[in-house]
Amino acid sequence: MSTNTLLHVRASLNRCAFVAPRYGAQNRSIRRSVAQLAGVKVPPIKNEAVKPFGKTDTVDWDLLRASILKFTDNGSLDIPLVINGERIYGKGTQRAVVPQINPAKTSQELANITQASKEDIEAAISAAKSAKQKWLSTPFVDRAAIFLKAADLISTKYRYDMLAATILGQGKNVYQAEIDAVAELIDFFKFNVKYAQELYETQPAETSAGIWNRAEYRPLEGFVYAVTPFNFTAIAANLVGAPALVGNTVVWKPSKTAALSNYLLLTILEEAGLPKGVVNFVPGEPNLVTDVVLNDSEFSALHFTGSTRVFKDLYKKISDNVALDKYKDFPRIVGETGGKNFHLVHPSASVTHSALSTLRGAFEYQGQKCSATSRLYVASSVWEDFKTVLTEHLKEIQPLNTSSYEGLSGFYGPVIHEQSFDKVSSAIESAKTDPELKIVAGGRYDKSKGFFIEPTVVETTNPNHPFLKNEFFGPLLTTYVYKDAEYESIIEKIDTTTTYGLTGSVFAKDRDAVRLAEEKLRYSAGNFYINDKSTGAVVGQQWFGGARASGTNDKAGSGNILSRFVSIRNVKENFYEISDYKYPSNYN
């Protein structure tokens, strides 16, 4: 991050780097004519390469450490509200300010986050409405260019700053931050441009002589409410960016435990040319922000990633308001929520591969992925060997301060906050006294310096145990060992044990076993993996999302997600004139 940009992110600079131009009649005419001058085709799109940060990648390590120092050696940052491009800070006002701390070093305060008041939220909604007409009439080439430029800025100028902000604020190691805050984020911005062009090019397949039929992909009539989570910076980018790309304006409530990286993302979008009011950044008390937003008649869509419980609550509030005729339209509801994701290990599976894949699936980013492996079903004939491989490698893993020089290259860090720590540690304690549970690895935890919990594996004798049903969203994996002859029946048990349907994997060399699992578990996972872990969907390769209690399965990383944020108008233009109202059959 350059010195000027760092100052921009810090409270000492209160204005945006980008100032939207004033469009007079002449400029409006120019904007309307852009699409007439040439056909537009987006440049070739491919997945962003993930930097490995190996031992020899010394330049990458040095640049990352330098970025970390920018955020840690000058005190905490002041993060404002951003409404219609204006930065509003809490200090010196009646607004509340809450801290964002480093979960790996709880003594370190990273940021002070201004909290939106009711009046601020209303102002953000008003700004989104005011910016809407100009933004929807902005040619697609201009909207696309903003997101393509933002992607390139993150790939180059801001790569290490995005990494540092995500590592510090969200407790990720280098590799997890690289695949999230850089590669996947860039992929979302670039592939969405490709998908949007393909969407606009999808037109009616048939026509008649003298008729021109065409489809117009209008943005939704009101504004979009984006509620973004702590665990993926890329998800925040997509929840805001996907609807904005196709002409919507957005009110964005970020997670307070991801505000640092999310605010940096917004400043990058502004530098790329995002006009004022298109995205309005309103961190705040969740219930207050939500209630004000959902009570506005022009609320048109919810784009959400978070817990199933919260999503159900939002769904109910929206449904109740629909019944009360509060909205101009039926709002779109797009949500990705929780999961109780499974690994099923058949007797024919490669033991080492399936065990190490399970270690990654369950404990990468401390199990704080909606796709993380949290229930494991292993055939009895391979369990002892599987357990040996898994536990021996788990012994090598030490929870580290991933934001320190010593911990940057570590595999495993903290959980995100004290609430998560207490939830998982309480579950571990209950396992120690439950006769149906046995801890086979881990089980220790400590929050004296950071929110650290050992990767923990629990074995149960009860295939209906609550540990196989409830989501902990942390480093706790529950195992059930089944008899080899019960493979088909355990598949049925996997399908019916939880209400979720997000991700799942089968490990087997026997193709009949693979086929049986794939068919029987058709609705158990929106992303189903064969001989691979349950995490790690790549934009453009594995479209991501699940159904049942896991969400609306609109498949982020595909073009399908964009269709939820447009409202199609079909236009029929007739070139022939009639001279008689009767049809030929009327003369018989």
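The values are calculated or read from the model by the stated rules, or taken from the named source; none is laboratory data. The structure presented is a predicted model; accordingly, all values stated were derived computationally and were not measured. In this analysis, Cβ positions are derived from the backbone assuming ideal geometry, glycine residues included, and neighbour counts consider all displayed protein chains.
Screening the candidates LYS172, LYS157, LYS194 for the property of being within 14 Å of VAL42 (Cα to Cα) and either buried (at least 23 other Cβ atoms within 10 Å of the Cβ) or of a type in the set (Lys, Arg) (or both) yields one hit, LYS194. Any residue that is in contact with a strand residue (DSSP E or B) (Cβ under 6 Å, 6 or more places away or on another chain), under 25 Å from GLN170 (Cα atoms) and either assigned to a helix (DSSP H, G or I) or assigned by TED's automatic domain parsing to the domain that holds SER374 (or both) - is there at least one of those in region 455-465? Looking for residues that are in contact with a strand residue (DSSP E or B) (Cβ under 6 Å, 6 or more places away or on another chain), under 25 Å from GLN170 (Cα atoms) and either assigned to a helix (DSSP H, G or I) or assigned by TED's automatic domain parsing to the domain that holds SER374 (or both), one finds at least one in region 455-465, hence yes. Scan region 315-351 for residues that are in a strand (DSSP E or B) and either under 29 Å from PRO243 (Cβ atoms) or without any contact (Cβ under 8 Å) to a residue 60 or more places away in the chain (or both) and the total you get is 6. All of VAL240, VAL251 fail the test of being surrounded by 24 or more Cβ atoms within 10 Å (Cβ to Cβ), in the same structural domain as PHE311 (by TED's automatic domain parsing), in a strand (DSSP E or B) and touching a residue at least 12 places away in the same chain (Cβ under 8 Å), apart from VAL251. Within region 43-53, the presence of a residue that is modelled with pLDDT under 55 and not assigned by TED's automatic domain parsing to the domain that holds VAL538 is excluded.
If you go through region 335-356 and keep only what is surrounded by 24 or more Cβ atoms within 10 Å (Cβ to Cβ) and touching a His at 6+ places or on another chain (Cβ under 9 Å), you end up with SER354, ALA355.
Looking at region 107-134, which of its residues are in a loop (DSSP other than H, G, I, E, B) and either within 30 Å of LYS449 (Cα to Cα) or touching a Phe, Trp or Tyr at 6+ places or on another chain (Cβ under 8 Å) (or both)?
Across region 107-134, the qualifying residue is only GLN115.
Only residues that are assigned to a helix (DSSP H, G or I) and surrounded by 24 or more Cβ atoms within 10 Å (Cβ to Cβ) were counted in region 368-402, giving 1. Taken over region 472-499, the criterion of being farther than 30 Å from LYS172 by Cα and in contact with a Pro (Cβ under 8 Å, 6 or more places away or on another chain) is satisfied by TYR482, ASP484, TYR487, ILE490, LYS493, THR497.
Scanning region 256-278 for residues that are outside any helix (DSSP H, G or I), within 20 Å of the chain's Cα centre (by Cα) and farther than 22 Å from VAL98 by Cα yields a single hit, VAL278.
Quick check: anything in region 73-84 in contact with a strand residue (DSSP E or B) (Cβ under 6 Å, 6 or more places away or on another chain), at pLDDT below 95 and either under 20 Å from ARG159 (Cα atoms) or part of a loop (DSSP other than H, G, I, E, B) (or both)? Yes, there is a match, as at least one residue in region 73-84 is in contact with a strand residue (DSSP E or B) (Cβ under 6 Å, 6 or more places away or on another chain), at pLDDT below 95 and either under 20 Å from ARG159 (Cα atoms) or part of a loop (DSSP other than H, G, I, E, B) (or both).
Candidates GLU178, GLU119, GLU184: the one that is surrounded by fewer than 19 Cβ atoms within 10 Å (Cβ to Cβ) and modelled with pLDDT of 95 or more is GLU119.
Would you check if GLU86 is of a type in the set (D, E, K, R), surrounded by fewer than 17 Cβ atoms within 10 Å (Cβ to Cβ) and in contact with a Cys (Cβ under 9 Å, 6 or more places away or on another chain)? Judged against the criteria, GLU86 is a match.
Identify, please: which residue in region 187-218 is in contact with a Leu (Cβ under 8 Å, 6 or more places away or on another chain) and in a helix (DSSP H, G or I) and is, among those, nearest to ARG569 (Cα to Cα)?
LEU199
When TYR587, TYR583, TYR523, TYR576 are checked against the criterion of being within 27 Å of the chain's Cα centre (by Cα) and loosely packed, with under 13 Cβ neighbours inside 10 Å, TYR523 stands alone in meeting it.
In the set (1) crowded, with 21+ Cβ neighbours inside 10 Å; (2) among the polar types (S, T, N, Q); (3) at pLDDT below 95, the condition left unmet by SER409 is number (1). Here ALA547 passes the criteria (1) in contact with a strand residue (DSSP E or B) (Cβ under 7 Å, 6 or more places away or on another chain); (2) touching a residue at least 60 places away in the same chain (Cβ under 8 Å); (3) surrounded by 11 or more Cβ atoms within 10 Å (Cβ to Cβ); (4) closer than 26 Å to ASN248 by Cα except the one numbered (2).
Scanning region 93-116 for residues that are of a type in the set (Gly, Ala, Ser) and crowded, with 21+ Cβ neighbours inside 10 Å yields ALA104, ALA111, ALA116.
Considered as a group, the residues in region 319-334 that are more than 27 Å from SER524 (Cα to Cα) and of a type in the set (A, V, I, L, M, F, W, C) include one that is surrounded by the most Cβ atoms within 10 Å (Cβ to Cβ), and that residue is VAL322.
Filtering region 207-237 down to residues that are β-branched (Val, Ile, Thr) and touching a residue at least 24 places away in the same chain (Cβ under 8 Å), which residue is surrounded by the most Cβ atoms within 10 Å (Cβ to Cβ)? The qualifying residue surrounded by the most Cβ atoms within 10 Å (Cβ to Cβ) is THR233.
Here's the yes/no breakdown for (1) surrounded by fewer than 22 Cβ atoms within 10 Å (Cβ to Cβ); (2) touching a residue at least 40 places away in the same chain (Cβ under 8 Å); (3) within 22 Å of HIS393 (Cβ to Cβ); (4) assigned by TED's automatic domain parsing to the domain that holds THR373:
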site: SER404; (1), (2), (3), (4): yes, yes, no, yes
site: GLY443; (1), (2), (3), (4): yes, no, yes, yes
site: ILE453; (1), (2), (3), (4): no, yes, yes, yes
site: LEU468; (1), (2), (3), (4): no, yes, no, yes
site: TYR482; (1), (2), (3), (4): yes, yes, no, yes
site: ILE494; (1), (2), (3), (4): no, yes, no, yes
site: ALA508; (1), (2), (3), (4): no, yes, yes, yes
site: ASP512; (1), (2), (3), (4): yes, no, no, yes
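The rows are residues; the columns are (1) outside the structural domain of THR503 (by TED's automatic domain parsing); (2) more than 29 Å from ALA237 (Cβ to Cβ); (3) part of a loop (DSSP other than H, G, I, E, B).
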site	(1), (2), (3)
LEU562	yes, no, no
TYR576	yes, yes, yes
TYR581	yes, yes, yes
SER585	yes, yes, no
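Within region 346-361, count every residue that is small (Gly, Ala, Ser), touching a strand residue (DSSP E or B) at 6+ places or on another chain (Cβ under 6 Å) and within 16 Å of TYR487 (Cα to Cα).
Start the filter on region 346-361 by keeping residues that are small (Gly, Ala, Ser), which leaves 348-350, 354-355, 357, 361.
After this cut, where a residue has to be touching a strand residue (DSSP E or B) at 6+ places or on another chain (Cβ under 6 Å) as well, the list is 349, 354, 361.
Okay, now just the ones that are also within 16 Å of TYR487 (Cα to Cα), so 349.
Of the residues in that region, 1 qualify.
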